[in-house]
Amino acid sequence: MAHENGQMPQADLLEQLAIRERQLEQLQQAYVQLQGGGNNAAQQERLFKNINRLTTFTGTGEVSINSFFSSVEYLLQTIEDPQWKREATRTIFYRTIQGQAKDAVINIPEPDNWDLIKATLKLRYRPDTEPHQIYKRICELKVNSDKVETIIIRIINKQDHTNPGKIDQEM
């Protein structure tokens, strides 16, 4: 196909150039896919490390239901992909919910549905004192009282939830 002077005709050059451009485009797409796949694997690994760092909720330990919910929801909010979110929820269900808490949710039909898990745990482990109730009690305290600090500490530690009238008597 070479001419007498050793050069290729213009049409052959253009055809070879188009072939090279398609090959370069395919290589670029393959490179982007490989980069994305590696990034996804690294993100997935980081996600599951964070799940492993969550404290285990047993329903009887020192981790409160509200604290557990906050930790899990903060983690789940960082996940954009719905499939990963379901996988993370399933992992949380199997790894971080244990003991009596696991007994409460063991029969739910979808271990990858956080809303269902949360609703089931709320039914079983509703806190004795809700945060808004604690805040209301603190706001109602008299500032002149020298026992305010002691009462606040008791409220926070939930030591007075059995006898709420006790606060009023002490003031």
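The values are calculated or read from the model by the stated rules, or taken from the named source; none is laboratory data. These figures come from a predicted structure and were not determined experimentally. For neighbour counting, all protein chains shown are included, and Cβ atoms are generated from backbone atoms with ideal geometry for every residue, glycine included. We work out accessible area using only protein heavy atoms, side chains counted, and drop any ligands, DNA or RNA first. Shrake-Rupley method; radii C 1.70, N 1.55, O 1.52, S 1.80 Å.
Summary table below
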item: Close pairs from segment 47-69: first more than 14 Å from residue 92 (Cβ to Cβ), partner at pLDDT 85 or above and open to solvent by 80 Å² or more (accessible area, probe 1.4 Å), Cβ under 6 Å, at least 6 apart; result: 59/100; 60/100
item: Residue list for segment 71-113, filter: of a type in the set (Ser, Thr, Tyr), open to solvent by less than 70 Å² (accessible area, probe 1.4 Å) and within 29 Å of residue 132 (Cα to Cα); result: 71, 89, 96
item: Near pairs, Cβ below 7 angstrom, 6+ apart or cross-chain, from segment 108-120 (outside any helix (DSSP H, G or I)) to any residue that is open to solvent by 30 Å² or more (accessible area, probe 1.4 Å) and of a type in the set (A, V, I, L, M); result: 108/116; 110/116
item: Top-ranked residue of segment 122-135 - restricted to ones that are in a loop (DSSP other than H, G, I, E, B) and of a type in the set (D, E, K, R), ranked as modelled with the highest pLDDT; result: 126
item: So residue 138, is it modelled with pLDDT of 90 or more and at negative phi; result: no
item: Top-ranked residue of segment 72-101 - restricted to ones that are under 8 Å from the mean Cα position of the chain (by Cα) and part of a loop (DSSP other than H, G, I, E, B), ranked as nearest to residue 44 (Cα to Cα); result: 79
